[in-house]
Amino acid sequence: MVAEQKGPEAAPSPERPSPSITAPESEARATTWSPLAPGHRWGRLDLVLRILAAVGSGLAQLFALPPYGLWWLGPLSAALLLLAVCGTRVRRAAWLGALSGATLMVPLVHWQAIFGVDVWLGIAALETAYFLPMAMGLSLVARLPYWPVWTAALWVVQEAVRARWPFGGFSWGKLAFAQPDTPFVGYAALGSSPLVSFVVALTGAMLVWTVLRAVSARGRARVLLPALGLATSAAIVLGGLVAPAIGRPAPVETVTVGMVQGNVPNVGEISILGERAEVLQNHADGVQELAEAVRAGEYPQPDLVLLPENASDIDPFRDPEAARTIDEAAQEAGAPLLWGLSRFNDDGTRYVQSLVWDPETGPGDSYDKRYLVPFGEYIPYRDFFTRFVSRLSQVSSDAIPGTEPGALDIGGTTLAVGICFDVAFDPSVRDSVAAGGGIIVIPTNNANYNFTGQSHQQLAITQLRAVEHGRPAVVVSTSGVSAVVDPDGRIAYESPEAVRDINVAELTAMEGPTVATRLGAVPEALLAALGLGAVVASVVASRRSRTVPPTA
């Protein structure tokens with residue numbers, strides 16, 4: 001005999017289904033508070049509470065990310081979105097997910113407004129769209145046993161797709177990117193950013209599990225089960241502290257690295273070129289300033305000097321005067337330079353490149369940026385989009401992506417180079433490290449985005465990459481933020497924005513892969529498969545439950 005259900009709040013827990021139970025057990029189950037069960041309502045204010053939870057989720061993730069850096073809000077973000085959609089219909093979960101995504105993405109990428117409000121809101125809308133299917137999936141898998149694991153895995157699915165499609169993806173705002181130097185970031189050394197996002201979301205889900213058990217359990221279980229939930233959450237956090245020690249790379253040599261932030265005219269404007277060769281000359285002058293400081297004994301002699309993306313606004317392979325300026329800077333420094341430039345092809349396309357320039361032998365090895373900014377460095381479907389947005393024609397030449405990893409030999413060491421936008425994508429830095437890079441170097445040009453938070457968001461991603469691959473990392477920018485990051489993710493040096501800056505750092509090059517470097521995309525694929533498999537299992541279970549006849 002099965003007790004009659006008296007309403008949504010009487011729905012049995014989906015975690016302990018049973019086709020045959022006794023009447024006393026059934027009556028106890030019928031009165032169990034289960035907000036994860038289909039059809040659950042939070043009383044008369046159900047819709048209002050769900051909206052507040054969805055908005056709160058987006059705001060929590062926004063403030064967890066730089067420039068705010070309230071990292072502990074990351075798990076809360078995942079918890080609030082789960083509470084917003086659990087127990088509700090899939091269609092309602094979809095628009096609640098959209099509300100959460102928009103609350104995060106619209107302010108997060110507001111720096112894109114420099115290309116136009118329509119570009120900013122268009123990108124935000126596209127990024128928001130990924131939260132709809134994720135929220136729908138959360139509402140489904142929350143009905144299954146062990147739901148904290150499946151809900152966390154769905155965050156990995158969402159972020160994996162968003163990092164790949166369309167136009168090569170845009171992974172800004174990952175849960176992982178709010179954890180640059182926290183206990184959670186240690187998991188990057190085992191499974192890159194997907195594993196970090198997973199454990200952040202899992203911690204949030206366990207907080208929900210703990211609260212639900214504290215409210216619904218009876219007797220000793222009301223104490224024991226929440227204690228178990230809190231202990232599990234604590235174990236997850238503590239696990240991140242020891243994770244980097246597993247397969248830690250070995251130190252090889254100490255390298256003295258010079259950094260030049262030459263600054264640019266018209267900081268914060270869409271055009272930063274100014275007068276012809278002004279950016280080039282600014283950075284050549286910065287090298288001169290560094291060389292003079294070395295001669296004065298303020299810094300040790302560097303083994304190599306790093307310059308940012310677009311440190312030259314002229315292609316030195318097509319302009320002899322530009323080549324002469326860089327060559328004189330290398331001789332002045334007495335060390336090879338890594339110089340950023342655009343290298344043009346005969347057909348008008350170009351590579352965004354970092355080039356080794358030796359004081360004796362001149363230009364040498366180079367790395368071509370692999371992940372390009374759509375509508376910034378190239379216009380996809382140019383004929384179509386420029387018909388509707390005429391200012392896109394200001395991007396007069398399309399950059400084309402490189403195909404090789406950025407492992408560059410310079411000054412007796414090998415650098416793992418990824419240019420600017422590259423750092424937001426797992427394969428770029430990973431491939432450069434796997435090819436032999438002992439120090440991670442991220443040349444970047446964020447001059448359009450100074451004082452918007454974008455530079456610090458990118459720095460946080462670089463901090464994660466340092467932990468992921470167990471190597472020191474250097475960000476060198478045209479106008480800031482330039483920085484030195486230790487292998488544990490902590491910032492050892494940070495420049496101000498919109499000024500000329502020079503620095504010299506002693507860094508230890510590392511050898512050998514971390515577990516994350518070795519496994520590559522495997523952890524992401526496994527976690528994504530878990531999430532998608534749980535959605536399928538929930539749909540199948542739901543259909544079967546509707547076809548099973550009631551027990552007499």
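Taking the listed residues 313, 346, 368, the one that is modelled with pLDDT under 95, of a type outside the set (Lys, Arg) and within 16 Å of residue 443 (Cβ to Cβ) is 313, with no other qualifying.
Within the span defined as the range 266-282, every residue fails to be outside any helix (DSSP H, G or I), at pLDDT 95 or above and either on the phi < 0 side of the Ramachandran plot or in contact with a helix residue (DSSP H, G or I) (Cβ under 6 Å, 6 or more places away or on another chain) (or both).
When you scan the range 207-224, do you find a residue that is under 22 Å from the mean Cα position of the chain (by Cα), over 30 Å from residue 445 (Cα atoms) and part of a helix (DSSP H, G or I), even just one? Looking through the range 207-224, none of the residues is under 22 Å from the mean Cα position of the chain (by Cα), over 30 Å from residue 445 (Cα atoms) and part of a helix (DSSP H, G or I). Which ones in the range 214-229 are under 19 Å from residue 147 (Cβ atoms) and either touching a Phe, Trp or Tyr at 6+ places or on another chain (Cβ under 8 Å) or exposed (fewer than 14 other Cβ atoms within 10 Å of the Cβ) (or both)? Within the range 214-229, 215, 216, 221, 229 meet the criteria.
Among residues of the range 337-348 that are at negative phi, those with a beta-carbon under 6 Å from a residue that is of a type in the set (Asp, Glu) and not in a strand (DSSP E or B) at least six positions away or on a different chain give the pairs 340/309; 343/315; 344/315.
The rows are residues; the columns are (1) farther than 25 Å from residue 119 by Cα; (2) surrounded by fewer than 17 Cβ atoms within 10 Å (Cβ to Cβ); (3) within 22 Å of the chain's Cα centre (by Cα).
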| site | (1), (2), (3) |
| --- | --- |
| 355 | yes, no, no |
| 371 | no, no, yes |
| 408 | yes, no, no |
| 412 | yes, yes, no |
| 418 | yes, no, yes |
| 421 | no, no, yes |
| 436 | yes, yes, no |
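Return yes when residue 163 is surrounded by 23 or more Cβ atoms within 10 Å (Cβ to Cβ) and assigned by TED's automatic domain parsing to the domain that holds residue 229 and no when it is not. No. Taking the numbered list (1) more than 17 Å from residue 250 (Cα to Cα); (2) in a helix (DSSP H, G or I) in turn, residue 433 passes all entries but (1). Determine, yes or no, whether residue 258 is among the small types (Gly, Ala, Ser) and either crowded, with 18+ Cβ neighbours inside 10 Å or assigned to a loop (DSSP other than H, G, I, E, B) (or both). For residue 258, the condition - among the small types (Gly, Ala, Ser) and either crowded, with 18+ Cβ neighbours inside 10 Å or assigned to a loop (DSSP other than H, G, I, E, B) (or both) - is met.
For the range 373-405, the tally of residues that are free of Cβ contacts under 8 Å to residues at least 12 places away in the same chain, in a loop (DSSP other than H, G, I, E, B) and in contact with a Ser or Thr (Cβ under 9 Å, 6 or more places away or on another chain) stands at 0.
In the set (1) more than 19 Å from residue 489 (Cα to Cα); (2) among the β-branched types (Val, Ile, Thr); (3) touching a Phe, Trp or Tyr at 6+ places or on another chain (Cβ under 7 Å), residue 414 fails one condition alone, (3). Residue count for the range 55-79, restricted to those that are surrounded by 24 or more Cβ atoms within 10 Å (Cβ to Cβ), among the aliphatic types (A, V, I, L, M) and free of Cβ contacts under 8 Å to residues at least 60 places away in the same chain: 1. Taking only pairs six or more apart or across chains, which ones have beta-carbon atoms under 7 Å, a first residue in the range 454-483 that is free of Cβ contacts under 8 Å to residues at least 40 places away in the same chain and within 17 Å of residue 513 (Cα to Cα), and a second residue that is charged (D, E, K, R) and surrounded by 24 or more Cβ atoms within 10 Å (Cβ to Cβ)? From the range 454-483, the pairs are 473/465.
Of all residues in the range 316-372, count the ones that are among the charged types (D, E, K, R) and assigned to a loop (DSSP other than H, G, I, E, B). Count: 7.
Of the helices (runs of 4 or more DSSP H) lying entirely inside the range 446-552, the ones with 2 or more residues being at pLDDT 95 or above and surrounded by fewer than 21 Cβ atoms within 10 Å (Cβ to Cβ) are found at 515-519, 522-547. Which one of these does residue 432 not meet: (1) modelled with pLDDT of 95 or more; (2) under 27 Å from residue 62 (Cβ atoms)? Unmet for residue 432, out of (1) modelled with pLDDT of 95 or more; (2) under 27 Å from residue 62 (Cβ atoms): (2). Being closer than 25 Å to residue 68 by Cβ and within 27 Å of the chain's Cα centre (by Cα): is that true of residue 190 here? No; evaluated as a whole, the condition is false for this residue.
The values are calculated or read from the model by the stated rules, or taken from the named source; none is laboratory data. Predicted, not measured: the structure shown is a model, and the values here were computed from it. Backbone-built Cβ (ideal geometry, glycine too); neighbour counts: all protein chains shown.
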